[in-house]
Amino acid sequence: MERFRMVFQFFQSNTESVANGICAVLTLASVKMYTIFDFNCPCLPNYNVLYGMGVMFIPPVVLFFVGIIVNKHSVMMLEEWTRPTGKRKKNPAIIKFMFTNLIQRAMVAPVVWILVTLLDGKCFICAFSVSVDPSRFNGLPNVTGLDITRVLAKVPCKEDIIFQNNTSRKAVSRYLRCWSQALGWSILLFLIMLAVVARCLKPCFNHAAFLQTRYWSNYADLEQKLFDETCSTHAREFARKCVIQFFESMHEEMCQGMILPLDDEDDHLHGITSRKQVNELLQAWYRCKPDLDVTKIAQRQYRRARVRVTWEGDQNKGRQAFTQNGHSPHTDV
């Protein structure tokens, strides 16, 4: 249980790991959905293509949009694109970086679905059985009153009475399945080669610009997290003090004997003590985010540390001078 909690906290603190995990879950879900899907070709000339192509391409479109919706980068990208400029200029490179990562992860599950359908071959056979040249195959049934197109449309239906004691249906199915699998393996090989070329060409580009873009993309995510955590802390402290103030304003008899706790903790309200001030703070955060410069805070902390060291040094000098005059620093006056 402790190990599971640590893994869960790691995924919570790492947005990229969460996105990769969502991508993997959607990919596994697409494969599982295809395996449990009951494929039934209508075996009609006007509907085979619609059904086969629909099963092959409509679920990938759904998976693509689901991948975009569940990915946090989509919300971050839209917020970064639509926010007012304020004191911080918009960086198109960050938006481009988020969009690229979003599309890459959202495309994995749809591509896996298409590859699985092509390697399986059922959709391809159903969609293109009527497109086969009948002169390539001998022994196709010649049923009175049926044209060859209707006969070929029934190739995916092995239980049909037309193909009883006839091996031509298996020949057509093997032919189409070979084309389907060849197309699937070709697409997979192309994607692998594309990934290899992209990996090899990556050092040829400006790696420093890529590191900067990735850094500021992670910064935007962490900034929003810290802002949400600070708002949560402020809201908790604000609510606690509102409750204490409510109890203090109650009737004297109800509050008689009640000892309110002293507030020895750090004050997280930062001087914001009313609903109007909270709303103004949130509006100001949206309209004009702070500049990316924490020099003032660093200088203030440095001055505090310097004053503390100087004060401690003066104390030590005073003790040494007091001791050299023949007095002990622990002697009572």
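The values are calculated or read from the model by the stated rules, or taken from the named source; none is laboratory data. What you are looking at is a predicted structure, and each value in this text was computed from that prediction instead of being measured. We work out accessible area using only protein heavy atoms, side chains counted, and drop any ligands, DNA or RNA first. Shrake-Rupley method; radii C 1.70, N 1.55, O 1.52, S 1.80 Å.
Observations
- The range 87-159 shape via C-alpha gyration tensor axes, a/c threshold 1.5: prolate
- Taking 23 Å as the limit for the C-alpha separation, the pairs Lys96/Lys202; Lys87/Lys202; Lys87/Lys225; Lys90/Lys202 exceed it in the case of Lys87/Lys202; Lys90/Lys202.
- Solvent-accessible area, 1.4 Å probe, carbon plus sulfur percent, for the range 55-148: 67 percent
- The alpha-carbon of Lys170 sits under 21 angstrom from the alpha-carbons of these lysines, leaving out residues fewer than 8 places away in its chain: Lys122, Lys154, Lys158.
- Relative intensity, log₁₀ I(q)/I(0), of the range 30-121 from a Debye sum that treats every alpha carbon as a point, q = 0.18 Å⁻¹: -0.83
- Cα gyration tensor, the range 18-79 - rounded (a/c under 1.5), prolate or oblate: oblate
- Per residue accessible area of the range 34-101, 1.4 Å probe, in Å²: 61 Å²
- Accessible area of Phe128 in the full protein assembly, 1.4 Å probe (Å², nearest 10): 70 Å²
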